[in-house]
Amino acid sequence: MKILVVGGGGREHAIIKKLKKERSDLQIFCAPGNGGIGEEALCVPIPATDLNHICEYAKTQAFDLVIVAPDDPLVAGLVDKLQALGIRAFGPTKEAAQIEGSKVFAKELMKKYDIPTAEYAVFEDFDVANAYLETATIPIVVKADGLALGKGVIICKTRDEAFEALEAIMKDRQFGDAGSRVVLEEYIEGPEVSILSFCDGETIVPLSPAQDHKKAFDNDQGKNTGGMGTFSPTDKYTPEIQAEVEEKIIHRTLEALKSEGIVFKGVIFFGLMLTENGPKLLEYNARFGDPEAQVVLPKLDTDLMEIIDAVIDGHLQDVHFRFNPEYSVCVVIASGGYPDAYITGYPIEGLKDVDKDVVVYHAGTKAANGRMYTYGGRVLGVTGFGRNMKEARDAAYRNVKKIHFEHMQYRTDIGIK
Ligand code: AMP
Ligand code: GLY
């Protein structure tokens, strides 16, 4: 069987590693992939956002399946385009991916179907939004409607910051058309939990809860990043909270989508905040999280290809899900300076010294002359496992210390809180 994975980060490496481990008959290609992925799949230098090129390549190579992992191509409709060419594809259609592609769409869905979320208002006009901010409760969260490389959410602690954020998004169009509408949202507080789930349009199956660390430095200092580390499960997600989330958020979302006539096939990622007033839904993603996939997928014992087939063909309810009770911790190693400017091209040492039961997922790496070099902001994700959080964390950090490259940067507190 010949498959193409679209994307090239740690998440895609986690998907490919799981597929390879379970199926020896797979011939895997990845566009564009990275240095580490190149050790287990054939990387083709097509950007994940070059939809036409990917479609053309998929057609000429006659893939049996294309897995679309990142948000941009999903929201732009890659799955629809592939399907129109008769190519089997895993991931939501453009219509379904709106739950991630439009914050306005997501919030209106939550409101209409009584899914607990922060209070909000939507604006299409700068002056009206600006007037609203004059008297709005501070802190407030300013969100660009569309995808903005993860930078479209601005938490404003002062009114001036809010005016500035609004101007940057709506007037200066810092994120282009993503800023033609904004959501101004109530600021809420509490621990954040990510729930990844598989959905075939009729059945939804949540996986083990994970917690991400978005800030660049220890103790949540510094700027927001794509994610500096994750762990799973989390004891903050108690059975009581789980029951409430499954009823009021996860199943209500499936019913909401069905009522709207939207068939969602793929992965729904629920970004939750556990507030004093109960769990609330901050956002949806229409895909696996990165670096959530690097702690959640290795603990899923069910065959991934079986799940993917069931999602596409609509018989997820027949799949027997088996979860490994282990704990996992993923520590991201980034290039010094990330998420601001950083230099790449440094050789990476020590990858061969890593323990056998620890997994190193590659994100921003490139192979050349038989060596591995840094090639991005987030470079590697080192995932350790254990019977408890401490064991998993120790395994991850023991191995992070075996790896070295110039100006490497990582948090030392993943999984401690
Ligand atoms: P999002 O892109 O929606 O996940 O937002 C990025 C991050 O911003 C979230 O993970 C939260 O940490 C934070 N955030 C988003 N919405 C709110 C809110 N209403 N109140 C407080 N923090 C928020
Ligand atoms: N780690 C958060 C995300 O994938 O969006």
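Per-structure values
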| quantity | calculated |
| --- | --- |
| Any hit, the stretch 299-322, residues being within 16 Å of ligand 2 (Cβ to nearest atom), surrounded by 17 or more Cβ atoms within 10 Å (Cβ to Cβ) and modelled with pLDDT of 95 or more | no |
| The stretch 227-278, subset within 16 Å of ligand 2 (Cβ to nearest atom) and small (Gly, Ala, Ser), residue modelled with the lowest pLDDT | Gly227 |
| Candidate set: the stretch 379-388, residues that are buried (at least 24 other Cβ atoms within 10 Å of the Cβ) and in contact with a Pro (Cβ under 8 Å, 6 or more places away or on another chain); chosen: the one farthest from Gln409 (Cα to Cα) | Thr383 |
| The one condition in (1) touching a Pro at 6+ places or on another chain (Cβ under 9 Å); (2) in contact (Cβ under 8 Å) with a residue 40 or more places away in the chain that Val104 fails to fulfil | (1) |
| Filter result for the condition that a residue is of a type in the set (D, E, K, R), within 15 Å of ligand 2 (Cβ to nearest atom) and loosely packed, with under 15 Cβ neighbours inside 10 Å, over Asp160, Asp125, Asp220 | Asp220 |
| Among the residues listed as Ile54, Ile16, the single one being among the β-branched types (Val, Ile, Thr), assigned to a helix (DSSP H, G or I) and either within 25 Å of Pro298 (Cα to Cα) or in contact (Cβ under 8 Å) with a residue 60 or more places away in the chain (or both) | Ile16 |
| Which listed residue, of Gly370, Gly336, Gly364, Gly345, is modelled with pLDDT of 95 or more, of a type outside the set (D, E, K, R) and more than 25 Å from the chain's Cα centre (by Cα) | Gly345 |
| Qualifying residue in the stretch 254-261 (condition: more than 28 Å from Gly386 (Cα to Cα), within 16 Å of ligand 1 (Cβ to nearest atom) and surrounded by fewer than 21 Cβ atoms within 10 Å (Cβ to Cβ)) | no |
| Entirely in the stretch 133-220, the strands (runs of 3 or more DSSP E) that have 2 or more residues that are modelled with pLDDT of 95 or more and charged (D, E, K, R) | 182-186 |
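Conditions (1) within 14 Å of ligand 1 (Cβ to nearest atom); (2) free of Cβ contacts under 8 Å to residues at least 40 places away in the same chain; (3) farther than 27 Å from Gly314 by Cβ, marked per residue:
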| position | (1), (2), (3) |
| --- | --- |
| Lys157 | yes, yes, yes |
| Glu164 | no, yes, yes |
| Met170 | no, no, yes |
| Arg181 | no, no, yes |
| Glu192 | yes, no, yes |
| Phe198 | no, no, no |
| Pro206 | no, no, no |
| Ala210 | yes, no, no |
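The values are calculated or read from the model by the stated rules, or taken from the named source; none is laboratory data. What you are looking at is a predicted structure, and each value in this text was computed from that prediction instead of being measured. Cβ coordinates were reconstructed from backbone atoms using ideal geometry, including for glycine residues, and neighbour counts include every protein chain displayed.
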